[in-house]
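The values are calculated or read from the model by the stated rules, or taken from the named source; none is laboratory data. Predicted model only: the values in this text are computed from it and were never measured. Cβ placement follows ideal geometry from the backbone for every residue including glycine, while neighbour counts extend to all protein chains displayed. These area figures cover heavy atoms from the full protein model, side chains too; ligands, DNA and RNA do not enter into them. Shrake-Rupley method; radii C 1.70, N 1.55, O 1.52, S 1.80 Å.
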Amino acid sequence: TYEGQIAEYDTRILTLSVLKGFFGAVSDQPVSYVNAPQLAAEHGVEVRPTTSTVARDYVNLVTIRGGGHAVAGTLVGLRGVPKVVMIDEFAVDIPPAPDMLVVRNEDVPGMIGRVASVIGDAGVNIADMVVGQDEAGVSALMVVATGTTVDNGTLAAIEAIDGVRSVVRIRS
């Protein structure tokens, strides 16, 4: 979905860029702007771009939904700083980074400290972090940008924390 001023322009190249980026990350074969739509069709990925010139919270917002997940991003300020502003309906505000973790957890005291301690004990620096909670205050989401890639053992240690529901590593 393209919302705001961006919807006034031809967004086809942006849609192709999303497909190329997605299949480039999950495919062993070379992915180009030319073959990305074909790969989507072969894998049963339905692409339905929608546009709206109505802007709610941001001048421009690009949202990608699929597989039960969603992520939205925008450019902020005169310098056009990229920001991830929504993950799975949780409001966040964090610049994209090469190494990130998305942690879903119960919204209970001490959770941020426990997760951060496991990451720190592994010798990994936290470069940035944002947290958010659902409207009911039951579930929370942490997005952690790390200085290096978090290894599988550290991921397992985070998942083993009582109250952590899931951990996903994102690498670009």
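Remark on D107: its backbone amide H falls under 5 Å from those of S139, A140, a criterion applied only to residues 5 or more positions apart or on other chains, H modelled at 1.01 Å from N.
Per-residue ellipticity at 222 nm, computed for the chain from helices alone with -39500 (n - 2.57) per DSSP H run of at least four residues, works out to -7000 deg cm²/dmol.
Result for the chain in a Gaussian network model with C-alpha springs under 10 Å: among A140, A97, A160, the largest mean-square fluctuation is at A160.
Of (1) 121; (2) 140; (3) 103, which one was derived for volume of the Cα convex hull per residue in Å³ from the structure shown? Given (1) 121; (2) 140; (3) 103, the calculated one carries the label (2). Does the stretch 79-160 come out rounded, prolate or oblate, given a ≥ b ≥ c as the square roots of the eigenvalues of its C-alpha gyration tensor, rounded meaning a/c under 1.5 and, failing that, prolate meaning a/b above b/c? Oblate, because a/c is 1.5 or more while a/b does not exceed b/c.
Residue by residue, the stretch 141-157 carries 3J(HN,Hα) couplings of 9, 10, 10, 10, 8, 10, x, 9, 6, 7, 6, 4, x, 5, 4, 4, 5 Hz when phi is fed to the Karplus relation 6.51 cos²θ - 1.76 cosθ + 1.60 (θ = phi - 60°); x denotes Gly or Pro. Across the stretch 97-113, computed HN-Hα scalar couplings (Karplus, 6.51 cos²θ - 1.76 cosθ + 1.60, θ = phi - 60°) run 9, x, 10, 9, 10, 10, 10, 9, 8, 5, 8, 10, x, x, 5, 4, x Hz from first to last residue, x flagging Gly and Pro. Legend: residues D151, D28, D99, sorted from most to least accessible area (1.4 Å probe; ligands, DNA and RNA excluded), read D28, D151, D99. Of the chymotrypsin sites (Phe, Trp or Tyr not before Pro) found in the stretch 1-45, those in coil by DSSP whose Cβ has at most 16 other Cβ atoms within 10 Å are Y9, Y33. So for the stretch 66-172, taking the charge dipole from beta-carbon charges (+1 Lys/Arg, -1 Asp/Glu), which of P82, G120, V143 sits furthest toward the positive end? Value: P82.
Of N105, N35, G68, whose Cα points farthest to the positive end of the dipole of the stretch 26-113 (charges on the beta-carbon: +1 Lys, Arg; -1 Asp, Glu; origin at the Cα centre)? Going by the charge dipole, the pick is N35. Once the Cα atoms are used to define both axes, helix 12-26 deviates from the longest principal axis of the chain by about 40 degrees.
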